[in-house]
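Input: a single structure, listed below in structure tokens.
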Amino acid sequence: ALGSRSGIKGVQTMVQQVRYAGVEAGGTTWVIAVADGCPTNIVDRAEFPTSTPEKVLGQVVEWLSSRRFDCLGIASFGPIDLHRATSDKWGYITTTPKAGWRNTDILGPLKAGLGLSEQFPVAFDTDVNAPAFAEYMAARDDGFEFSSCAYITVGTGVGIGLVINGAPLRGMLHGEGGHVCVPRLAGDDKVSGISSGSGVGTGSAWAGVEAMCNSSALAQRAGCSAEELARIPDDDPLWDTAAHYLGALCANMILLVSPERIVLSGGVLKRSILFDKVRSKTLEYLNGYIDVPRLKNLEACRELIVPSRWKNDAGIIGALFLAKRVHDDRREGNMGRQFRKFGSAWAAMPRRKEVSFSSTTMVAIFA
């Protein structure tokens, strides 16, 4: 693949900018792009429907094989296996409910088809962690000095990506925050509240966020198709219902991981009036308990809960930022820029032999 052979001539290498390749593996559509010099400078892109693994992976290989790139970032729907050092299924989509994609190797066929060596910089993460990381890096470039960011996408499903201490959050797996349970809105009994990751249903006082406010659930309440939601007027009570569940989700995230920015994106959030509704519900449910400037009032909360700067391109931009991150880390000869942020506190911590790096160990650092 051209990707594995870039920069053979010394003089040519000095004048060429880094080329980042990104793959957004979505449940409906796969997006592929190449960016020149920085992850947001996309110079070439393509899209393929999510058909079968064999077909779509072949299309990706064919497209990338004719283009130069120096690193590759892949942001995939999941759940996925992120344990590069300890799992023989690193790079797989694992327990997805999507037909035909369960336990599918993503990285293996791409690396083999493109002829990428083991040393070639490749990053693999979720399709929500990647845009969370991109939003975090872009905000820091804008001068915001913070270390955390949450990204919530609401469409056919609800997904949440988290950056904590400058790195996408990982632990036993990755976050699946779209399936957390929140209080059911009084009288909202038309939707069961059951989703893949939450087992409560009609009659329960609790319900899974994804099951209650994804596009299908909203369409079910409105008596229309998901595509027809755009016709529902802004003053319809449907949007207050959506704001209840998303506001409860944001409040829970603030209480649990205290992100310094929450980015809302996805097809449902094209409804711009939802932003202030979600902010208001978040403030209502926190009830003044968290005494920080960005939670003082609605105006201040507009600095905390914000729309994605890249809207529908957030996923592919996120994949390109993953590519930049792994390229920079390889070039600098370290295991990950995020580890340096822990400084001497991390270096001095005693570690048991059986634990190399875990979210349990990180708790001590965050404290």
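The values are calculated or read from the model by the stated rules, or taken from the named source; none is laboratory data. Quick caveat: nothing in here was measured; it's all calculated off a predicted structure. All Cβ positions, even for glycine, are placed from backbone atoms using ideal geometry, and neighbour counts span all protein chains on display. Heavy atoms of the whole protein, side chains included, go into the accessibility calculation; ligands, DNA and RNA do not. Shrake-Rupley method; radii C 1.70, N 1.55, O 1.52, S 1.80 Å.
Can you tell me which residue is surrounded by the most Cβ atoms within 10 Å (Cβ to Cβ) among those in region 138-153 that are outside any helix (DSSP H, G or I) and modelled with pLDDT under 95? Only one residue tops the list, namely SER147. When region 63-92 is limited to residues that are assigned to a strand (DSSP E or B) and without any contact (Cβ under 8 Å) to a residue 60 or more places away in the chain, the one that is nearest to CYS38 (Cα to Cα) turns out to be SER76. Looking only at residues of region 227-257 that are assigned to a helix (DSSP H, G or I) and acidic (Asp, Glu), we find that the one that is nearest to ALA167 (Cα to Cα) is ASP240. When region 1-37 is examined, which residues are found to be surrounded by fewer than 18 Cβ atoms within 10 Å (Cβ to Cβ), at pLDDT 95 or above and part of a loop (DSSP other than H, G, I, E, B)? Listed by number, the list holds a single entry, GLY37. Looking only at region 293-323, residues that are open to solvent by 60 Å² or more (accessible area, probe 1.4 Å), farther than 17 Å from TRP30 by Cα and out of contact with any Asp or Glu (no Cβ under 6 Å at 6 or more places or on another chain) come to 8 in all.
Suppose we filter ASP240, ASP276 for residues that are closer than 13 Å to ARG302 by Cα and acidic (Asp, Glu); which single one remains?
Numbers: ASP240 fails: closer than 13 Å to ARG302 by Cα.
Selected residue: ASP276, the only one of ASP240, ASP276 that is closer than 13 Å to ARG302 by Cα and acidic (Asp, Glu).
When the residues of region 38-73 are filtered to those that are open to solvent by 30 Å² or more (accessible area, probe 1.4 Å) and small (Gly, Ala, Ser), which remaining residue is farthest from the chain's Cα centre (by Cα)? Applying the filter and picking the extreme gives SER66.
Candidates in region 261-275 are the residues that are open to solvent by less than 50 Å² (accessible area, probe 1.4 Å) and of a type in the set (D, E, K, R); of these, the one that is farthest from SER215 (Cα to Cα) is ARG261.
Modelled with pLDDT under 95 and closer than 25 Å to GLY161 by Cβ: which single residue out of GLU210, GLU260 fits that description? Going through GLU210, GLU260 in turn, just one is modelled with pLDDT under 95 and closer than 25 Å to GLY161 by Cβ: GLU210. In the condition set (1) outside any helix (DSSP H, G or I); (2) in contact (Cβ under 8 Å) with a residue 24 or more places away in the chain; (3) open to solvent by 10 Å² or more (accessible area, probe 1.4 Å), CYS224 is compliant with all but (2). When region 91-111 is limited to residues that are at pLDDT below 95 and in contact with a Phe, Trp or Tyr (Cβ under 8 Å, 6 or more places away or on another chain), the one that is least open to solvent (accessible area, probe 1.4 Å) turns out to be THR96.
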